[in-house]
Amino acid sequence: MTDVSRAAALLRAGELVAFPTETVYGLGADASNPLAIGKIFAAKGRPADHPLIVHLPDASHLERWAVDIPEAAGKLAAAFWPGPLTLILKRHPSVLDAVTGGQESVGLRVPNHPLALQLLREFDGGVAAPSANRFGRVSPTTAAHVSEELGDSIAMILDGGPCAVGIESTILDLSGGEPRILRLGMLDAAAIGAVLGHIPKFGGEQNAPRVSGSLEAHYAPRTPLQVVAMADLAGTAREAAGAGRRVAVLAAQPLAFSHDNILYCPASADPAQFAHDLYARLRELDAMDCDLILVAAPPAGESWRAVADRLRRAAAGSK
Ligand code: TXA
Ligand code: MG
């Protein structure tokens, strides 16, 4: 039996299987099995009203999970699936409340990773999967990250190597009204706009829908983290180090001076590479037991927007 067949059998038996996607590792369970879904919330320590994304083998499965599917959904699926785009659509009546968090919509995505696609095809159903981290923590981008954090509560981890994209999918709400981006990933608004015919706006209505990725205090390392403008980085680091604090600095360029209390960690100047490395770096920096992580603020501009969003949340979560 191959690993993928074993993983599919475990899903059918109601067990949790962590699997790689191109964005981050997912903590998967049979989306039509309430007991299996319950295990996801227990393992993550996630509030029960936070909806889960259902992962599908291909777009032909959409009708089993959603109703009143707008034409735009088909076009976007054709353009970007498999890929880092989650579509929020009106739920099919058969979708479990535990999956939708009791909302009238459901999040659906076809991930672009060979192992994930093999697993989904062999399982031949929807696999509900949040990022495979404890609630509020940094998403995992390697199998080792998953096993460190959730190893004890998972039946199996499929190892597909480091995730290519590195941050979570872009979430687009097509469940009614104007399309809206609820969470930005590396698939940007311009690319979606090119297919939709207009650039979608950001954000949902006040208080709804519930997108945990939209909470401040999310994606946080344990060490306090600050995002600092390049021009202020050296000064801020020197001041903290001078006060006896151990400081880790994540920036594309090293500081012009060295200090016993300052540890420099190189970051990429390319947004896609920066995103690819981000969560692994945050975990490494966290493990160094510093008192403070300083991250050089990314440049302004659309290509850095998703990364800037994750850094802002990491900073908000570590206050
Ligand atoms: O890249 C990703 O999207 C990864 C991989 C594993 O696919 N998954 C992921 O799942 O990031 P999670 O649960 O960590 O984040 C999914 C976000 C949550 O913030 C959730 O609230 C939101 O999607 N979401 C799911 N269904 C929704 C719905 N019906 N309406 C609004 N937001 C929804
Ligand atoms: Mg998550």
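With an 8 Å cut-off on Cα pairs and a minimum separation of 6 or more residues, tell me the relative contact order of segment 35-194 in percent. Write out the running numbers ahead of the final one.
Values: 266 pairs, mean separation 42.3, N = 160.
Value for segment 35-194: 26 percent.
Tell me the Rg and the Dmax, in Å, that the Cα atoms of segment 40-177 produce.
14.7, 43
Which of the aspartates and glutamates could a cross-linker bridge to K44, judged by Cα under 12 Å and excluding same-chain residues fewer than eight apart?
Straight-line reach from K44, under 12 Å: E149, D152.
Report the FRET efficiency, 1/(1 + (r/R0)^6), for I199 and Q253, where r is their Cβ-Cβ distance and R0 is 41 Å, rounded to 0.05.
Values: r = 33 Å, r/R0 = 0.80.
My answer for the efficiency is 0.80.
What percent do you get for the relative contact order of the chain when only Cα pairs under 8 Å and 6+ apart count? Please list the in-between numbers first.
On the way: 687 pairs, mean separation 61.3, N = 319.
This gives 19 percent for the chain.
Starting from the amide H of L225, placed 1.01 Å from N in the peptide plane, find each other amide H under 5 Å away whose residue is 5 or more places distant or on another chain.
Close amide H contacts, sequence-distant or interchain: I293, S318.
Sticking with the crude label model, points 7 Å out along Cα→Cβ, report the distance from D152 to D3 in nm, one decimal please.
The two pseudo-label positions are separated by 2.4 nm.
So with the 1.4 Å probe, I'd like the accessible area per residue for segment 1-62, rounded to whole Å². All intermediate terms of the calculation are to be shown ahead of the outcome.
Values: 2060 Å² over 62 residues.
Each residue of segment 1-62 exposes 33 Å² on average to a 1.4 Å probe.
Kirkwood Rh over Cα pairs of the chain into Stokes-Einstein at 25 °C, 0.890 mPa s: D in µm²/s?
Values: Rh = 20.1 Å.
So the translational diffusion coefficient is about 122 µm²/s.
Would segment 77-150 count as rounded, prolate or oblate if I go by the C-alpha gyration tensor, calling it rounded below 1.5 in a/c and otherwise prolate when a/b exceeds b/c, oblate otherwise? Before the final figure, lay out the partial values.
On the way: a/c = 1.82, a/b = 1.25, b/c = 1.45.
It comes out oblate by the Cα gyration axes.
Starting from the alpha-carbon convex hull of segment 16-98, give the projected area averaged over all orientations, in nm². Intermediate values should be presented prior to the final figure.
On the way: hull surface 22.4 nm².
Quarter of the Cα hull surface area: 5.6 nm².
Taking the chain as a Gaussian network, Cα atoms linked when under 10 Å apart, which of G74, G101, G197 shows the biggest mean-square fluctuation?
G197
What shape does segment 256-299 take by its C-alpha gyration tensor, where a ≥ b ≥ c are the square roots of the eigenvalues and a/c under 1.5 counts as rounded, a/b above b/c as prolate, and the rest as oblate?
Working: a/c = 2.46, a/b = 1.40, b/c = 1.76.
Taking the square roots of the gyration eigenvalues as a ≥ b ≥ c, segment 256-299 is oblate.
For K201, go through the aspartates and glutamates and keep the ones whose alpha-carbon is under 15 Å away, minus same-chain ones fewer than eight residues off.
Result set, ordered by chain and number: D173, E178, D188, E302.
Taking the Cα centre of the chain as origin, work out the dipole magnitude from +1 charges on Lys and Arg Cβ and -1 charges on Asp and Glu Cβ, in debye rounded to 20. Don't skip to the answer; put the middle values down first.
Numbers: 28 positive and 34 negative charges, 79 e Å.
For this selection, approximately 380 debye.
Using a 1.4 Å probe over the heavy atoms of the protein chains, calculate the carbon and sulfur portion of the accessible area of the chain as a whole percent. Let's see the in-between values first.
Values: 6860 of 13310 Å².
The value for the chain is 52 percent carbon and sulfur by accessible area.
Which three extents, in whole angstrom, do the alpha-carbon atoms of segment 218-280 cover along their principal axes, largest first?
For segment 218-280, the Cα extents along the three principal axes come out at 34, 26, 19 Å.
Please work out the FRET efficiency for the pair A269 and R12, using the Cβ-Cβ distance as r and a Förster radius of 35 Å; give the result to the nearest 0.05. Could you put the intermediate results ahead of the total?
On the way: r = 46 Å, r/R0 = 1.31.
In this case the efficiency is close to 0.15.
Against the empirical 2.2 N^0.38 Å scaling, what ratio does the C-alpha Rg of segment 112-184 come to?
On the way: Rg = 14.4 Å, N = 73, 2.2 N^0.38 = 11.2 Å.
For segment 112-184, the normalised Cα radius of gyration comes out at 1.28.
Could you check the simple spin-label distance between A79 and D97, using points 7 Å along Cα→Cβ, in nm with one decimal?
3.7
What figure in square angstrom, to the nearest 10, would you give for the accessible area of T223 with a 1.4 Å probe?
10
Once R0 is set to 41 Å, what does the formula 1/(1 + (r/R0)^6) return for the Cβ-Cβ distance between E239 and D49, expressed as a FRET efficiency to the nearest 0.05?
On the way: r = 42 Å, r/R0 = 1.02.
Step by step, r from the Cβ atoms, then E = 0.45.
Using θ = phi - 60° and the Karplus relation 6.51 cos²θ - 1.76 cosθ + 1.60, list the HN-Hα couplings for segment 183-197 in order, rounded to whole Hz, with x at every Gly or Pro.
Along segment 183-197, the couplings run 8, 9, x, 6, 7, 9, 5, 5, 5, 5, x, 5, 8, 5, x Hz.
The values are calculated or read from the model by the stated rules, or taken from the named source; none is laboratory data. None of these values were measured; they are calculated from a predicted model. Backbone-built Cβ (ideal geometry, glycine too); neighbour counts: all protein chains shown. Surface accessibility is based on the protein's heavy atoms, side chains included, excluding ligands, DNA and RNA. Shrake-Rupley method; radii C 1.70, N 1.55, O 1.52, S 1.80 Å.
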